[in-house]
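Remarks on the structure that follows.
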Amino acid sequence: MPLSEKQLAELSQEVLEAEKSVKAITNFTDRFPEITIPEAYAIQIRSLQTRVKNGEVIVGRKIGLCAKVNKENFGINEPI
């Protein structure tokens with residue numbers, strides 16, 4: 001079952017609070033095994049939009065899992 005808009009907003013807020021408190025949170029995939037990649041990106045985008053709205057400035061981009069061995073370890077075929 002897809003995550004609701006309310007759940008996406010709550011998870012985005014949870015990410016922001018974890019960043020602020022510097023405390024780890026349980027992986028969303030552990031709590032919501034059915035979460036999709038588009039839903040995960042929606043959470044990330046909401047969090048980013050909130051940070052920008054609160055005055056933060058985007059100054060660059062980060063690409064992860066570029067190395068072939070890392071992609072193989074995580075079972076993906078492209079960087080994230």
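Residues that are assigned to a loop (DSSP other than H, G, I, E, B) and either among the hydroxyl-bearing types (Ser, Thr, Tyr) or under 26 Å from residue 3 (Cα atoms) (or both) within region 41-60 comprise just one, 54. Check region 13-30 and report whether any residue there is surrounded by 11 or more Cβ atoms within 10 Å (Cβ to Cβ) and part of a loop (DSSP other than H, G, I, E, B). Yes, region 13-30 contains at least one residue that is surrounded by 11 or more Cβ atoms within 10 Å (Cβ to Cβ) and part of a loop (DSSP other than H, G, I, E, B).
Taking residue 58 as the residue in question, decide whether it is out of contact with any Gly (no Cβ under 7 Å at 6 or more places or on another chain) and exposed (fewer than 10 other Cβ atoms within 10 Å of the Cβ).
Details: out of contact with any Gly (no Cβ under 7 Å at 6 or more places or on another chain): yes; exposed (fewer than 10 other Cβ atoms within 10 Å of the Cβ): yes.
So residue 58 fits the description; yes.
Residues in region 61-80 that are in contact with a Pro (Cβ under 8 Å, 6 or more places away or on another chain), surrounded by 10 or more Cβ atoms within 10 Å (Cβ to Cβ) and hydrophobic (A, V, I, L, M, F, W, C) were compared, and the one that is nearest to residue 4 (Cα to Cα) is 65. Scoring residue 38 on the criteria (1) assigned to a helix (DSSP H, G or I); (2) surrounded by 12 or more Cβ atoms within 10 Å (Cβ to Cβ); (3) not charged (D, E, K, R) leaves a single failure, condition (2). Taking the criterion of being within 16 Å of residue 37 (Cα to Cα) and among the β-branched types (Val, Ile, Thr), the residues of region 64-80 that qualify are 76, 80.
Read-outs: derived from the displayed coordinates by stated rules, not from any lab. Note that the coordinates shown come from a computational prediction; the quantities given were computed from them, not determined experimentally. Counting neighbours? That spans all protein chains shown, and the Cβs are built from the backbone with ideal geometry, glycine included.
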